[in-house]
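Here's the structure we're looking at; comments come further down.
No lab work stands behind these numbers, since they all come straight from the coordinates. Just so you know, these numbers come straight off a predicted model, no measurement behind them. Quick reminder, even Gly has a Cβ in these numbers, built from the backbone with ideal geometry, and neighbours come from all protein chains shown.
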There are 2 protein chains.
Amino acid sequence: MPESIQPTVEADFTFAHTEPFALERGGQLQPVTLRYAIYGDLDRCRDRVVLVCHALSGSARVADWWPELFGAGLPFDIEKFAILGINLLGSCYGSTGPPSPNPVTGRKFGPEFPVVTIGDNVRAQAALLDHLGIAKLHATVGASIGGMQVLEWALRFPQRVSKAVAIGASPLNAVGLGLNHLQRRAIWNDPMWKGGWYDEQPAKGLAAARALAMITYKSPELFTERYSRKPNRNGEDPFSTVDGRFDVAGYLDYQGKIFVNRFDANSYIAISKLMDTWDVPAEGDPKYRAVAKSGVQVELIGISSDQLFPAAEVEALSQRFIRGGIGSRYSELKSDHGHDGFLAESGRLAEFLNSVLADASVNKASVAHSGVAAD
Amino acid sequence: MPESIQPTVEADFTFAHTEPFALERGGQLQPVTLRYAIYGDLDRCRDRVVLVCHALSGSARVADWWPELFGAGLPFDIEKFAILGINLLGSCYGSTGPPSPNPVTGRKFGPEFPVVTIGDNVRAQAALLDHLGIAKLHATVGASIGGMQVLEWALRFPQRVSKAVAIGASPLNAVGLGLNHLQRRAIWNDPMWKGGWYDEQPAKGLAAARALAMITYKSPELFTERYSRKPNRNGEDPFSTVDGRFDVAGYLDYQGKIFVNRFDANSYIAISKLMDTWDVPAEGDPKYRAVAKSGVQVELIGISSDQLFPAAEVEALSQRFIRGGIGSRYSELKSDHGHDGFLAESGRLAEFLNSVLADASVNKASVAHSGVAAD
């Protein structure tokens, strides 16, 4: 574990005090708080901000979950860039979400938290950028749900982003939608769920949801390499007893158990829904023209063994962007780590990100456009 | 749906009255009942019996779940063969299993049903063959857990089988073991489970287990083709409401729900365990020599899109058999239907099975050896 890297700034930005923030799918939030973290010197790097968007269970503290990319000579070099992380709406790590107090009822939102979307998040993030005086991002970078935000940034505010780097992200396919549903169902099935008004977490259901997710995050090859058909390392006998576990089962149970201590069940549901609902405009949608015109550089990276966002689907998305006139490029990260490849293959990812982020020509364009107003 | 095909004989065979049937993993059963079904005329076809082994939720009534293979010109032609189906020990369709009365306690076995294996099943099936006067099977055919029984027959009683046709079967890999564990965990998490002593089924847990299994039985391509990102056909709105479902989620819930009406939760656990524990002898095990000497013809069929038993693993198993000297052949069934390909691709499977079952040279050998005593 590398030494913990602390943000220069960690703060809450609260807006929509007078006018409610209208949500795309109906309903509203008022006010809205975004927890954000900045690594580096924003004043010095206001035209060289890299927004790093987090995945399902991440937080604004980018260096907590992607530490391997921070440092001199690495993509998140705070001498060159200011790195900005923003916690998702719906999460339980500081931004407005189900655990937040609902000003209307006086109690927490809980299951009454409205459906928020990736689009809602990106619109709220744009308000934070205004507040911070960031006219245009040098880059947005993210994987999984983070990649969805990255692409939403490019599609919605193309003039505010120079480079958009999305890893292992495409609209969720039917199997992914089914798996997310089964995860939510596991939480709903837990009697401790109590319609979302639990005092104590629905621990079994949330653990089951996390365990199911974990089995989709790695490739079958990696699971075989790590666990094969070995009995659980604690000495249980999976062959002779009904409840004796194999090693892989012990791993999944453990991952489920520790997750309950750090994540809220209502937030899990809100964010898995966020993932489900995200999609991109249909082929031929006129929106693509505005994006194409902006010159935003879109980098899509598929992970060869990704079970959740198959590389072929990421590549197809890149093709769709190209047909829409967007400067999109597809690259493949060869990895046995499945969807988790974005965390596990940080060395090769760092190399790729270094080349993209350092591209001076686009960087200059970014500076030149930095006065462009928000969409 | 083809017209229902009725077995000529459907009966229970009960043995181990005086001596208990010792189980491989410890414990015993006394007595043991096997529910079996025969299609065709056993007296006329005693040397042309095809044993068809069922998968997780199947039964002895082969024509109920594989009707497309029955008929003139089809593999299960009762003019040519007697088709024998035997319900698995541990099941809830007639053979001894958790719902059966435990003679020791006077109540049902329930969660006290011992761990039974594929090997236990095949040994019990051999006792039924003795009872029926079947010295040697013309063929064993099965898919999934059915394929495991087929291969266990070839490995354990090679002189009693001429042709062994196993479809979509290999020792379960780490992901498969993990998925089975999560399914059992879903049942155990249901408060209606009551340690296995339920009066009413743990319906939510069993439905969740079945739904999770169903998502592994088809290929992602097929799910995309069938459901894509469409809202549930009943009109729910998955985009604006937290509990609104996509079509794929409605399908999975429905599959889970109807399963609860036809399958017992303790049996589900027993049979998923049966699947977990099955393996083949290690490379170089001397057992392979006896199998090789018997001349049994092993046909392994991988399904190209199988998520649970990847075609590459089925092929690797065939290679292992070949290195052990066994006459094994690997074929691949190209299908988008995933593991369910053995049911969905009955037309092409019928063609393949016809050629294997009709092979006269091996058929003759079978007849010639039909006096060979049981192992």
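Beta-bridge orientation, the range B:231-341: approximately 10 percent antiparallel, per DSSP, counting only bridges with both partners inside.
Protection proxy ranking of A:237-246, B:286-295, A:151-160, by the mean of other Cβ atoms within 10 Å over each peptide's residues and highest first, is A:151-160, A:237-246, B:286-295. Computed from backbone phi with θ = phi - 60° and the Karplus coefficients 6.51, -1.76 and 1.60, the 3J(HN,Hα) list for the range A:139-155 is 7, 10, 9, x, 10, 6, 4, x, x, 5, 4, 4, 6, 5, 4, 5, 7 Hz; x is used for glycine and proline.
Backbone N atoms of the range A:64-82 closer than 18 Å to the 7 Å Cα→Cβ label point of residue A:41 belong to residues A:71-73, A:76-82.
Taking every residue in B:179-191 and counting other chain Cβ atoms within 10 Å of its Cβ, the average works out to 6.
Close amide-amide hydrogen proximity is noted between residue B:163 and B:139, B:140, B:297, each under 5 Å apart and 5 or more residues distant or on a separate chain (H modeled in the peptide plane; Pro and chain starts excluded).
The aspartates and glutamates whose alpha-carbon is closer than 12 Å to the alpha-carbon of residue B:108, local same-chain residues fewer than 8 away aside, are B:199. Please give the residues of the range B:216-231, grouped as numeric ranges, whose backbone N is less than 16 Å from a label point set 7 Å along the Cα-to-Cβ vector of residue A:319. Residues passing the 16 Å test: B:221, B:225.
With helices as the sole contributors, the protein assembly as shown gives -11500 deg cm²/dmol at 222 nm; each DSSP H run of n ≥ 4 counts as -39500 (n - 2.57), and the sum is divided by every residue. Look at the alpha carbon pairs under 8 Å that are at least 6 residues apart: their mean separation over the length of chain B gives a relative contact order of 18 percent. Among the GluC sites (Glu not before Pro) in the range A:217-283, those located in a DSSP loop and surrounded by at most 11 other Cβ atoms within 10 Å of their own Cβ are A:283. Rounded to the nearest 10 degrees, the inclination of helix B:346-358 to the longest alpha-carbon principal axis of chain B is 10 degrees. Using the Cβ-Cβ distance between residue B:79 and residue B:261 with R0 set to 25 Å, the FRET efficiency works out to roughly 0.10. Listed by chain and number, the lysines whose alpha-carbon sits under 23 Å from that of residue B:218, ignoring those within fewer than 8 places in the same chain, are A:218, B:204, B:230, B:257, B:273, B:334. Looking at chain A, the DSSP beta bridges with both ends there are about 35 percent antiparallel.
Measuring between their Cα centroids, the range A:331-352 and the range A:184-214 lie 31 Å from each other. For the peptides A:85-92, B:66-73, A:210-217, the ranking by packing is A:85-92, A:210-217, B:66-73, with the highest mean count of neighbouring Cβ atoms within 10 Å listed first.
Helix B:203-217 and the longest principal axis of the Cα set of chain B meet at an angle near 60°. Note on residue B:289 and residue A:105: the model spin-label points, each 7 Å out from Cα along the C-beta direction, lie 7.3 nm apart.
Report, in debye and to the nearest 20, how large the dipole of the range B:175-275 comes out about its Cα centre when Lys and Arg carry +1 and Asp and Glu carry -1 on their Cβ. Mind dumping the intermediate values first?
Values: 14 positive and 11 negative charges, 49 e Å.
Computed about the Cα centre, the dipole is about 240 debye.
Label-to-label distance for residue B:25 and residue A:192 is 2.8 nm, based on points extended 7 Å past Cα in the beta-carbon direction. Taking every DSSP beta bridge that has both ends in the protein assembly as shown, the antiparallel portion is near 35%.
With the simple model of a label 7 Å out from the Cα in the direction of the Cβ, residue A:18 to residue B:131 spans 8.6 nm. Note on residue B:163: aspartates and glutamates with a C-alpha under 14 Å away, same-chain residues under 8 apart excluded, are B:47, B:152, B:299, B:359. Axis angle, to the nearest 10 degrees, between helix A:118-132 and the longest C-alpha principal axis of chain A: 50 degrees.
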